[in-house]
1. Within region 15-59, can you find the residues that are closer than 22 Å to residue 82 by Cβ, in contact (Cβ under 8 Å) with a residue 24 or more places away in the chain and over 11 Å from the mean Cα position of the chain (by Cα)?
2. Considering (1) modelled with pLDDT of 95 or more; (2) loosely packed, with under 14 Cβ neighbours inside 10 Å; (3) out of contact with any helix residue (DSSP H, G or I) (no Cβ under 9 Å at 6 or more places or on another chain), say which one residue 43 fails and leave the rest.
3. Whether any residue in region 7-20 is surrounded by 13 or more Cβ atoms within 10 Å (Cβ to Cβ) and more than 17 Å from residue 69 (Cα to Cα) is what I want to check.
């Protein structure tokens, strides 16, 4: 099943790489939006997600937070619920 997953990233962010690697490990496709390459500011990201930090992860049009939240949901068997509540 294909899910609507977007990851807002930068080129220098280790947590961005970790989030992308987790999605790859889980065989989940995602759209990466590099805010630097797309001329977005952190203020633009904040207006979308409510936070300035990267990565920001959006699943089924809902921001869930960064890599720490993604990892928490995965380790606590809550990621499937989030993916399927779109």
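The values are calculated or read from the model by the stated rules, or taken from the named source; none is laboratory data. Fair warning: this is a prediction, and the values are worked out from it, not measured in the lab. All Cβ positions, even for glycine, are placed from backbone atoms using ideal geometry, and neighbour counts span all protein chains on display.
1. Selection gives 26, 28, 29, 45, 48.
2. Failing condition for residue 43: (1).
3. yes
Conditions tested, residue by residue: (1) modelled with pLDDT of 95 or more; (2) surrounded by 15 or more Cβ atoms within 10 Å (Cβ to Cβ).
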site	(1), (2)
27	yes, no
39	no, no
64	yes, yes
67	yes, yes
74	yes, yes
